[in-house]
Amino acid sequence: MSPETLQALLRYDSCTLSNAVETFDIRPRSSGYTDHTIRSLFPDLGRVVGYAVTCTVRSREEGSGIDQDAVWRHVLSQPEPRILVAQDIDEGLPGGAMLGEVMGTTFKRLGCAALVTDGTVRDLPEVRAMGLQVFAPGTNPSHAYVRIESVGDEVTVGGLTVRPGDLLYGDLHGVLSIPAEVVDRLATAADAIIEREQKLIGWIRSDDFTVERLEEMRRVRH
């Protein structure tokens, strides 16, 4: 996929891109995005798009985890820009933070533009300053016994199932998976949606607006 195609996606927010994906009718409308538990911790850093690299993490009990060289090799197996997707597989609520200043600096240096996790993070000022976007439920001051258990597997974070190489898009609304088979046509679909919605909004705000006409239109998309 060309850098120009990826860059073009950043002109749109995730809501518009989600609507655009729906026009191709290739997946249920109730799938393909994170739920309310996953939010951008740095909305001021803006939008991000990239290819998924995946891992699972634990932190509640002591353990050795996998060799870190395997982690770095997996990250580098996907093209840039990369988005690290980390599923916390501890039972119950997340334990220690899976990323802070040191790990954030490492993954940023390896070409990761963002982290998506259902675990927690720490060192927010430092991570924000390095420009690493983070999508997570929240924070934790301790890393506890955190370690990476596996890489390269299918993971599920915030209801979104992700495989290595999946194209992901994130902004202040959450994270969206973009099907590869429609990505080249997505900008055209998004532009059509924006034009249609702006015409509708303009009419709603105009003196021509009537409830009767609204009822005739049957429904208003938002």
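The values are calculated or read from the model by the stated rules, or taken from the named source; none is laboratory data. A quick note: this is a predicted structure, and the numbers were derived from the prediction, not measured. So basically every Cβ, Gly included, is an ideal-geometry build from the backbone, and we count neighbours across all protein chains shown.
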_Residue in the stretch 67-85 that is modelled with pLDDT of 95 or more, more than 13 Å from Leu115 (Cα to Cα), over 12 Å from the mean Cα position of the chain (by Cα) and β-branched (Val, Ile, Thr) present_ = yes
Looking across the stretch 90-120 at residues that are surrounded by 24 or more Cβ atoms within 10 Å (Cβ to Cβ) and in contact with a Pro (Cβ under 7 Å, 6 or more places away or on another chain), the single one that is farthest from Glu62 (Cα to Cα) is Asp118
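When only residues in the stretch 178-209 that are in contact with a Phe, Trp or Tyr (Cβ under 7 Å, 6 or more places away or on another chain) and either free of Cβ contacts under 8 Å to residues at least 24 places away in the same chain or not hydrophobic (A, V, I, L, M, F, W, C) (or both) count, which is surrounded by the fewest Cβ atoms within 10 Å (Cβ to Cβ)?
Among those that are in contact with a Phe, Trp or Tyr (Cβ under 7 Å, 6 or more places away or on another chain) and either free of Cβ contacts under 8 Å to residues at least 24 places away in the same chain or not hydrophobic (A, V, I, L, M, F, W, C) (or both), it is Phe209.
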Of Glu154, Glu212, the only residue that is over 20 Å from Leu17 (Cβ atoms) and either of a type in the set (A, V, I, L, M, F, W, C) or in contact (Cβ under 8 Å) with a residue 12 or more places away in the chain (or both) is Glu154
The one condition Asp123 fails out of (1) among the acidic types (Asp, Glu); (2) farther than 20 Å from Arg73 by Cβ; (3) surrounded by 21 or more Cβ atoms within 10 Å (Cβ to Cβ) is (3)
